[in-house]
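Take a look at the structure below.
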Amino acid sequence: MISVIIPTYNRGYIIKRAIDSVINQTFDDWELIIVDDGSDDNTNEIVNDYKDDRIKYIRNRDRKGACYSRNLGMQNAMGEYFCFLDSDCIWRENFLYDRINAAKKHNADFVYGRMNPN
C-alpha cells in the first residue's frame, strides 16, 4: 500500500482536484491522509463530503506548518511507501502505478517525478 499525504491550509477552493486525482489513480492500493493545518475556510466540509474509507482527515488545532503536517501524516500512515502531494497539485492517472513500478524495478528507497507544466 502507498500512503499519500496531502498537507493543506485554506485550500477548500481547490483541494477537490487533488483528492480526485488520487481517487482516479489506476493503482488503487492506497490510503490518503489529508492533514489540515488549521484552515478557517471550507476545507473540512470538502474533505468530509468524500465517503471513501481510504481517506483519513487529520486537523491541527493550531497552525504548525507544512513540514509538521507532512510528518504527522507519516506518523499516521499504514503504507509501505509514502508519497506526497501538495493540495494545489494534481496527478495524472498513472502516477502511483509508475512510481511503484520504478521503485520495485530498481529496488529503490526513493523515487520522484518531474512536474508537467501543462
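Structure remark: mean-square fluctuation, Gaussian network model of the chain, C-alpha springs under 10 Å; the largest value among A66, A102, A18 belongs to A102. Reported to the nearest whole Å, the Cα centre-to-centre distance from segment 72-114 to segment 1-49 is 15.
The structure shown yields semi-axes √(5λ) of the Cα gyration tensor in Å, and of the options [x] 36, 28, 10; [y] 23, 15, 13; [z] 24, 21, 15 that calculated value carries the label [y]. The apolar share of the surface of the chain, taken as the fraction of accessible area on carbon and sulfur atoms (1.4 Å probe, ligands and nucleic acids excluded), comes to 46 percent.
Under the combined filter of DSSP loop state and at most 10 neighbouring Cβ atoms within 10 Å, segment 37-93 retains these trypsin sites (Lys or Arg not before Pro): K51, R61. For the chain, the solvent-accessible area works out to 64 Å² per residue, with a probe of 1.4 Å and every protein chain left in place.
The values are calculated or read from the model by the stated rules, or taken from the named source; none is laboratory data. It should be emphasised that the depicted structure is a prediction, and the values quoted were computed from it without experimental measurement. Here the Cβ is made from the backbone with ideal geometry for all residues, glycine too, and neighbour counts use every protein chain on show. Accessible surface areas use protein heavy atoms only, side chains included; no ligands, DNA or RNA. Shrake-Rupley method; radii C 1.70, N 1.55, O 1.52, S 1.80 Å.
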